[in-house]
1. How do the strands (runs of 3 or more DSSP E) wholly within the range 37-94 filter down when requiring 3 or more residues that are under 15 Å from residue 112 (Cβ atoms): which remain?
2. Exactly one condition in (1) under 21 Å from residue 155 (Cβ atoms); (2) surrounded by fewer than 21 Cβ atoms within 10 Å (Cβ to Cβ); (3) within 17 Å of the chain's Cα centre (by Cα) is not met by residue 309; state its number.
3. Tell me, yes or no, whether the range 179-186 has at least one residue that is touching a strand residue (DSSP E or B) at 6+ places or on another chain (Cβ under 6 Å) and assigned to a loop (DSSP other than H, G, I, E, B).
4. Does any residue of the range 256-278 turn out to be modelled with pLDDT under 95 and within 17 Å of the chain's Cα centre (by Cα)?
5. Within the range 7-20, how many residues turn out to be crowded, with 19+ Cβ neighbours inside 10 Å and in a loop (DSSP other than H, G, I, E, B)?
6. Assuming residue 193 fulfils every condition listed in (1) under 22 Å from residue 169 (Cα atoms); (2) buried (at least 21 other Cβ atoms within 10 Å of the Cβ) apart from one, which condition is it?
7. Would you mind finding the one in 57, 92 that is buried (at least 19 other Cβ atoms within 10 Å of the Cβ) and closer than 16 Å to residue 134 by Cα?
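The values are calculated or read from the model by the stated rules, or taken from the named source; none is laboratory data. Model, not experiment: these values are computed from the prediction. Note: ideal-geometry Cβ built from the backbone for every residue, glycine included; neighbour counts use all protein chains shown.
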């Protein structure tokens, strides 16, 4: 296996491989998406992995410095990264060869650790059990964050029938206030969405993963694959979501879910969840992903958030990461 350092001249080749040939690639691995970050934010160290003249895999990655140590991190600018492998090369021998080739290359370049945030099975076109085994067999430690999703294949037709008693009451209570659910398409609405998002994050002494300018740039790059929705009371936005369409996996993913807590007694989140479920199913998505309810490699669990997602009939999945010290 030969590793070729990524260069801008490979952009169309890279993105075509993600779309047409990979078993676990999504838009988040494409250069079209990753390039929304301004130049200089990351020190890119991505590779194309060749078997002779054939492109076998790609790995989007950047350099991260922690306590003076260089970490090969895949990827700091996306929810997940890791090895993105071609369909013809997804077998044990090639996977083992890729892992060894990567380790040899980055060790020579002075990296002391590899950190891979792998594509969750939920978004893979083929399950990643083999790749996970190869990484563990190669000495990688694994951690996980808990994620939830709805599978419409076995979701009851009447949405409320999937809710637990508390959520049914919340939804019925919300209806009494005459809420309106609609897509947000104008700048004023997106700014209002972002204000609520920032306010929510302040409760946890955090900030959103994206700035407002970055959201606008992502919108330009993803087109109709990104949408904003809101719940309005008397014309005022009180709960909202940013959703992403994972078209290769046919999944709708809620990147952000937020509520203005000044309207908590109006139960707008219950109305938001109900209508997102309804919209996703009507659009023909196979699943609706609510995203993770934990962070810090699973050390922190937002049990309130997880409980809310469970209450609408959700299932569970894991977002796994793999790390290995090279010396």
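1. Working: elements: 47-51, 54-59, 62-66, 69-74.
In the range 37-94, 62-66, 69-74 are the strands (runs of 3 or more DSSP E) which contain 3 or more residues that are under 15 Å from residue 112 (Cβ atoms).
2. (2)
3. Residues of the range 179-186 that are touching a strand residue (DSSP E or B) at 6+ places or on another chain (Cβ under 6 Å), as a first pass: 179-181, 183-184.
Right, trim to assigned to a loop (DSSP other than H, G, I, E, B) and you get 179.
Within the range 179-186, one or more residues are touching a strand residue (DSSP E or B) at 6+ places or on another chain (Cβ under 6 Å) and assigned to a loop (DSSP other than H, G, I, E, B).
4. Within the range 256-278 (the criterion being modelled with pLDDT under 95 and within 17 Å of the chain's Cα centre (by Cα)), the answer is no, since none of the residues qualifies.
5. 0
6. Status for residue 193: all satisfied but (1).
7. Values: 92 fails: buried (at least 19 other Cβ atoms within 10 Å of the Cβ).
Going through 57, 92 in turn, just one is buried (at least 19 other Cβ atoms within 10 Å of the Cβ) and closer than 16 Å to residue 134 by Cα: 57.
Here's the yes/no breakdown for (1) touching a residue at least 24 places away in the same chain (Cβ under 8 Å); (2) surrounded by 17 or more Cβ atoms within 10 Å (Cβ to Cβ); (3) more than 20 Å from the chain's Cα centre (by Cα):
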residue	(1), (2), (3)
76	yes, yes, no
87	yes, no, yes
104	no, no, yes
108	no, no, yes
111	yes, yes, yes
